[in-house]
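Participant: Here it is, the structure in full.
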Amino acid sequence: MFRELTAIAQACLTAKTVTRSDLDVMLLLAEADPDALPDRAHAQLREAESAFLRQPADRLSYIERLARLLKTASRLQLRPDARRLTPHFALSDAQRAFGLGACLELRTRLTEASWLNIRSRCRLLDRLAACEIELGAETGAFDVLRRHALA
């Protein structure tokens, strides 16, 4: 979402204009995942929306401020201190292939299990998908695998 918001903000800054549709898309992206953005970025988007018609000359300045907030927030998320508390792992290609193969086998068994109701099957498939995402990442979050294995 950061990338999409940043791309829209940069496009507006490059074009030196902000349309209502640009602002609507940015608001929709921010509302779709409210925890992904800092509160200050949400506040900046709300200010831009409320001032859109009242202060047309300042539209671009709101987007410029938002772009700088997004850039700073993105850098803060990448800091090693933010990832320090969650244990991470790195796998070799062979280990990753083995883990993904095991996930594929589990997915096959889950879809064939006639005794599982749909709700339980979906819940287990969602957990399996989270494991697959972590296994496919360069450094996965061990916490996600452990939490899902114990649940």
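Participant: Using the structure shown, decide if E138 is modelled with pLDDT under 80, touching a Leu at 6+ places or on another chain (Cβ under 7 Å) and closer than 30 Å to A41 by Cα. Give the derivation first.
Facilitator: Working: modelled with pLDDT under 80: yes; touching a Leu at 6+ places or on another chain (Cβ under 7 Å): no; closer than 30 Å to A41 by Cα: yes.
Against the criterion (modelled with pLDDT under 80, touching a Leu at 6+ places or on another chain (Cβ under 7 Å) and closer than 30 Å to A41 by Cα), E138 does not qualify.
Participant: Go through region 35-65 residue by residue and tally those that are open to solvent by 60 Å² or more (accessible area, probe 1.4 Å) and under 18 Å from A7 (Cα atoms).
Facilitator: So the count comes out to 3.
The values are calculated or read from the model by the stated rules, or taken from the named source; none is laboratory data. Since we're looking at a predicted model, the values are computed, not measured. Please note: Cβ atoms are built from the backbone with ideal geometry, for glycine as well, and neighbour counts cover all protein chains shown. Accessible surface areas use protein heavy atoms only, side chains included; no ligands, DNA or RNA. Shrake-Rupley method; radii C 1.70, N 1.55, O 1.52, S 1.80 Å.
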